[in-house]
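No lab work stands behind these numbers, since they all come straight from the coordinates. Owing to the predicted nature of the structure, the values given are computational and were not obtained by experimental measurement. Here Cβ is always computed from backbone atoms with ideal geometry, including for glycine, and neighbour counts include all displayed protein chains.
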């Protein structure tokens, strides 16, 4: 998924699988970092048990690509 595709999505939350290609990492690495120290990622995340959700708008703002 590209940044432009993320910007066009209408859903509020993303998954590690969707953002990993943009960050150039493995989705599992994102999950491990959330479990270890979510604040080190630099963008907000929500952990529900073993599931990780990333709010789309704050993630785009973190990337500096948010059109306002």
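Pick from region 19-44 the residues that are in contact with a strand residue (DSSP E or B) (Cβ under 8 Å, 6 or more places away or on another chain) and touching a residue at least 12 places away in the same chain (Cβ under 8 Å): which of them is surrounded by the most Cβ atoms within 10 Å (Cβ to Cβ)?
Within region 19-44, the first condition is being in contact with a strand residue (DSSP E or B) (Cβ under 8 Å, 6 or more places away or on another chain), and the residues that meet it are 19, 30-31, 34-35, 38, 43-44.
Now narrow it down to the ones that are touching a residue at least 12 places away in the same chain (Cβ under 8 Å): 19, 30-31, 34-35, 43-44.
Working: 19: 24, 30: 21, 31: 19, 34: 21, 35: 11, 43: 16, 44: 15.
Among them, the one singled out is 19.
Taking region 14-55 on its own, how many of its residues are outside any helix (DSSP H, G or I) and within 19 Å of residue 67 (Cβ to Cβ)? Steps first, please.
Here is the first cut: in region 14-55, the ones outside any helix (DSSP H, G or I) are 14-15, 24-26, 42-55.
Going one step further and asking which of them are within 19 Å of residue 67 (Cβ to Cβ), we end up with 14, 43, 54-55.
Of the residues in that region, 4 qualify.
Could you please find all residues in region 46-61 being more than 10 Å from the chain's Cα centre (by Cα) and either surrounded by fewer than 12 Cβ atoms within 10 Å (Cβ to Cβ) or closer than 11 Å to residue 7 by Cα (or both)? Hits for region 46-61 are 48, 49, 50, 51, 61.
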